[in-house]
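Q: I am attaching a structure below and will ask some questions about it afterwards.
A short reminder: the numbers here are calculations on the coordinates, not readings from a lab. The model shown is predicted, which means the values in this text are computed figures rather than measured ones. FYI the Cβ positions are ideal-geometry reconstructions off the backbone, even for glycines, and counts take in every protein chain you see.
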Amino acid sequence: MNEHTMKAVVVRETGKKGDWNTLSIDTVPMPALKHGEVLVRVEACSVNRADLLQRRGFYPPPPGASSILGLDFAGTVAETPTGTGDWKAGDRVFGIAAGGGYGRYVAVPADHLVRIPERLDFIEAAGAAEVFFTAYLNLFIEAWLRQGETLLVHGGGSGVGTAAIQLAKEAGATVVTTAGDPLKVGRCLEIGAHFAVNYKEDDFAARTAEFTGGRGVDVILDWIGAPYLAKHLELLKTGGRLVFIGLMGGNKAEINLASVLGKRLRLIGSILRARPDEEKASITRAFRKDVLPLLESGAVHPVIDRALPVASAEEAHLAMREGKHFGKIVLTWS
C-alpha cells in the first residue's frame, strides 16, 4: 500500500443480482478530491440497511459517488485543499456520505462536515451520523413536527428509531413507537417513548388509537410502506403528515383519496442519499444549529448496540439481517 491506495471493505460480486455476495478487505485507490472536498481518515462508520441492499445490487450509489459501501463516517481531517473553509488537519469530524464510509479514507464536501462533540468518541459519532441526520430531516424539515403534536415512528429499536424518539421528545412531542419484542419495547420507553407497542403481539393502530383517546397522531415516520398505508391514513389527524423513508413491506397499495382530501393529509416521500450536494449542505447547516447542541449537551445520544472491527463487516451485516440489535452497529478501524 502506498500514498495513492488505501484499505476498504469491498463487495465481491457473483454476477447475479440479489445474491448476498461476499465482503472482504482489499487495497483500492485513494479517493480523488473534487473541488471543495476534504479528505477524512475514517476511524469508524455505521452499518445501515442500505448497505445490505447495495451489496445485493438493489441500491446503487448516485452518479459520481463512491461505489464503496457506507453512508456515514467519523474520523479526522487528513487533507484540506484551498477553499475548503476553516477545517484543518486533525479536526475530529463526522457526517453523511453518498458512499465510501467503509473505506479508510473518504472524500467529503467541506460543507457536509460536522465537528464531533468532545463528549463523543469516534464510535459514538459514527453511530449518530446517518440516523440523527435522517430523523432530523424527516421529522422537522419534511414533516414540520411541532411541540404538542404526536409522532408515531415504526421500528423504535432501529438506529433511526432511537434517534427519532429522542429528538421528538426533546422537541416537546408525544412519541408512540413500535418494536418487535418485549425487551425492545422496554428500551424504547427508557430512551423517551411515551408509549410502545409490540407489533408482533398487538394491532399497533388499535393500540395507538386507544393511547391517544381516539384522536390519532400528527406525524408518522414509516419505512414499511404498503401494508400499513390504510391504517396510517385512518390514524392521522386532520392536517397529518405521513413520511415514507423506506418500503420494506412493499411499494404498491390502494389509497383512500377521500380520507387524504377530507383530512388534508400530506404524503411525503423522502430519501437522503440521492439529494444534491447543495441541499445536503443546507441540511448540514440546519443540523449543526439544531441537533449538534443537543449531542454536545447529552440531551440526546447515539444508542450503540455493538462495535466490531472492520474485518468483521460480514458479522455486522449478519447481525443487522437478524434484526436482534437495538440501536446502531458500528464498524471501527481501531
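Q: Per the helix-only calculation at 222 nm, which mean residue ellipticity applies to the chain, given -39500 (n - 2.57) for every DSSP H run of n ≥ 4 and division by its residues, nearest 500 deg cm²/dmol?
A: Numbers: 10 runs with 94 residues, N = 334.
Result for the chain, helices only: -8000 deg cm²/dmol.
Q: Short version: ³J(HN,Hα) in whole Hz for each residue of region 129-145, in order, from phi by Karplus 6.51 cos²θ - 1.76 cosθ + 1.60 (θ = phi - 60°), x for Gly and Pro, what are they?
A: 3, 5, 6, 6, 4, 5, 5, 4, 4, 7, 7, 10, 8, 7, 9, 6, 4
Q: What's the extension gain from D277 to E322 if we count 0.36 nm per residue and subtract their Cα-Cα distance?
A: On the way: separation 45, 0.36 × 45 = 16.20 nm, distance 3.34 nm.
Fully extending the segment from D277 to E322 adds 12.9 nm.
Q: Going by a ≥ b ≥ c, the root eigenvalues of the Cα gyration tensor, does region 15-157 fall in the rounded group (a/c under 1.5), the prolate group (a/b larger than b/c) or the oblate group? Mind dumping the intermediate values first?
A: On the way: a/c = 1.82, a/b = 1.09, b/c = 1.66.
Judged from the Cα gyration tensor, region 15-157 comes out oblate (a/c at least 1.5, b/c at or above a/b).
Q: Over the chain, what is the relative contact order in percent, taking alpha-carbon pairs closer than 8 angstrom and at least six residues apart?
A: Values: 728 pairs, mean separation 56.9, N = 334.
Over the chain, the number comes to 17 percent.
Q: Could you work out the local net charge near P109, counting Lys and Arg as +1, Asp and Glu as -1, over the other residues with Cβ closer than 11 Å to its Cβ?
A: So the environment of P109 carries a net charge of -2.
Q: Normalised by the number of residues in region 171-258, what is the relative contact order in percent for Cα pairs under 8 Å and 6+ residues apart? Don't skip to the answer; put the middle values down first.
A: Working: 120 pairs, mean separation 19.5, N = 88.
RCO, region 171-258: 22 percent.
Q: Ok, one more. Filter the GluC sites (Glu not before Pro) in region 1-39 down to the DSSP loop ones having no more than 14 other Cβ atoms within 10 Å, then list what survives. Show your work: numbers first, answer last.
A: On the way: sites: E3, E13, E37; in loops: E3, E13.
The qualifying sites are E3, E13.
Q: Would you mind classifying region 63-105 by shape? Square roots of the alpha carbon gyration tensor eigenvalues, ordered a ≥ b ≥ c; an a/c under 1.5 is rounded, otherwise it is prolate if a/b is larger than b/c and oblate if not. Intermediate values should be presented prior to the final figure.
A: On the way: a/c = 2.37, a/b = 1.62, b/c = 1.46.
Note, shape of region 63-105 comes out prolate.
Q: Using every pair of alpha-carbon atoms in the chain, split the distances into 20 Å bins beginning at 0 and state the percent of pairs per bin, rounded to integers.
A: Taking all Cα pairs of the chain, the binned fractions are 32, 57, 11, 0 percent.
Q: For H35, what is the net charge nearby, where nearby means another residue's Cβ is under 14 Å from its Cβ and Lys, Arg count +1, Asp, Glu -1? Each step should come with its number before you reach the end.
A: On the way: positive: K34; negative: E37, E79, D111, D277, E278.
So the environment of H35 carries a net charge of -4.
Q: If you put +1 on each Lys and Arg Cβ and -1 on each Asp and Glu Cβ, how big is the dipole of the chain around its Cα centre, in Debye rounded to 20?
A: Values: 38 positive and 38 negative charges, 117 e Å.
Here the size comes out at about 560 debye.
Q: Could you list T208, T80 in order of exposure, starting from the residue whose Cβ has the fewest other Cβ atoms within 10 Å? Don't skip to the answer; put the middle values down first.
A: Details: T208 22, T80 19.
Starting with the residue having the fewest Cβ neighbours, the order is T80, T208.
Q: Tell me whether region 186-228 comes out rounded, prolate or oblate; compute the Cα gyration tensor, take square roots of the eigenvalues as a ≥ b ≥ c, and use a/c under 1.5 as the rounded threshold. The partial results should precede the final answer.
A: Values: a/c = 1.38, a/b = 1.15, b/c = 1.20.
Rounded.
Q: So, one more: Whose amide H sits under 5 Å from the amide H of G240, counting only residues 5 or more places off or on another chain, with H placed in the peptide plane?
A: R266
Q: Given T212, W333, V28, which one lies farthest toward the positive end of the charge dipole of the chain, if we put +1 on the Cβ of every Lys and Arg and -1 on the Cβ of every Asp and Glu?
A: Of T212, W333, V28, it is T212.
Q: Just add up the charged neighbours of N21: K/R +1, D/E -1, any other residue whose Cβ is under 13 Å from the Cβ of N21.
A: Net of charged neighbours comes to +1.
Q: Test of understanding: ordering I268, I191, I116 by Cβ neighbours within 10 Å, fewest first, what list do you get? Kindly include the intermediate steps, with their values, before the conclusion.
A: Working: I268 14, I191 21, I116 26.
Least crowded to most crowded, the residues run I268, I191, I116.
Q: Tell me, D222, D202, D111 in order of fewest to most beta-carbon neighbours within 10 Å? Please list the in-between numbers first.
A: On the way: D222 24, D202 14, D111 19.
Lowest count first: D202, D111, D222.
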